[in-house]
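The values are calculated or read from the model by the stated rules, or taken from the named source; none is laboratory data. In this text, all values refer to a predicted model and were calculated from it rather than measured experimentally. Heads up, the Cβs are rebuilt from the backbone with ideal geometry, glycines too, and the neighbour counts pull from every protein chain shown.
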């Protein structure tokens, strides 16, 4: 009954080699988020989609891109991973019905290792 | 923008005792305050939340209190158990789809 699914769970890439992380959801939620989390720190929002509208955070490096081809799927592309990009990447969703404050549901995360 | 401060950063309590984690927020327009528990290597999981029209909410051993005037909210865990050991994050939002997280509290329950 997984609701937010992330693949792969672990990803090893080489310095500078593009990598794509994927997220899918069965909740039919309008909003999908990508967070970066480094050890013992709070999740840091990279960007989010409200339906097809893309919202980038001001401090998200250009190296990070995202695609949302349909309601269910969202991808995180790291064009040229650096050693500092090694982290846990969390996908989350929320209903986005315009109600005051909504719960975000997190996927299990993809742990990225950059060699 | 919203700023959320969380204290303490680490907390150790004897099994069976209570634990309290406190957060303050800056934006008086914030109206939703969730608490997430994150075990090592796992996803953040919502454990309790509270909206601005409520002062307190309880779910078994877990409770959250909100003081809108002082702009702070707290997580209370009673009768702590070893499985309560985790990192806890508070968060706040004005309803613009984005959560502002606190810096986290590492809670250790000592058997």
Test: residue A:112 is part of a strand (DSSP E or B) and within 8 Å of chain B (Cβ to nearest Cβ):
no
Which residue is nearest to the other protein chains (Cβ to nearest Cβ), if the candidates are limited to the stretch B:95-104 and must be surrounded by 19 or more Cβ atoms within 10 Å (Cβ to Cβ) and touching a residue at least 24 places away in the same chain (Cβ under 8 Å)?
B:101
Checking residue B:108 against (1) surrounded by 15 or more Cβ atoms within 10 Å (Cβ to Cβ); (2) within 14 Å of chain A (Cβ to nearest Cβ); (3) touching a residue at least 40 places away in the same chain (Cβ under 8 Å); (4) in a strand (DSSP E or B), which single condition isn't satisfied?
(1)
Unmet criterion (only one of (1) surrounded by fewer than 16 Cβ atoms within 10 Å (Cβ to Cβ); (2) at pLDDT 95 or above; (3) part of a loop (DSSP other than H, G, I, E, B)) for residue A:2
(2)
Picking from A:24, A:39, which residue would you name as being loosely packed, with under 14 Cβ neighbours inside 10 Å and either in a strand (DSSP E or B) or at pLDDT below 95 (or both)?
A:39
Any residue at all in the stretch A:85-95 that is in contact (Cβ under 8 Å) with a residue 60 or more places away in the chain, more than 14 Å from chain B (Cβ to nearest Cβ) and surrounded by fewer than 20 Cβ atoms within 10 Å (Cβ to Cβ)?
no
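To keep it simple, each residue is scored yes or no on (1) assigned to a strand (DSSP E or B); (2) buried (at least 20 other Cβ atoms within 10 Å of the Cβ); (3) within 12 Å of another protein chain (Cβ to nearest Cβ).
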| site | (1), (2), (3) |
| --- | --- |
| B:21 | yes, yes, no |
| B:33 | yes, yes, yes |
| B:42 | no, no, yes |
| B:58 | yes, no, no |
| B:64 | yes, yes, no |
| B:76 | yes, no, no |
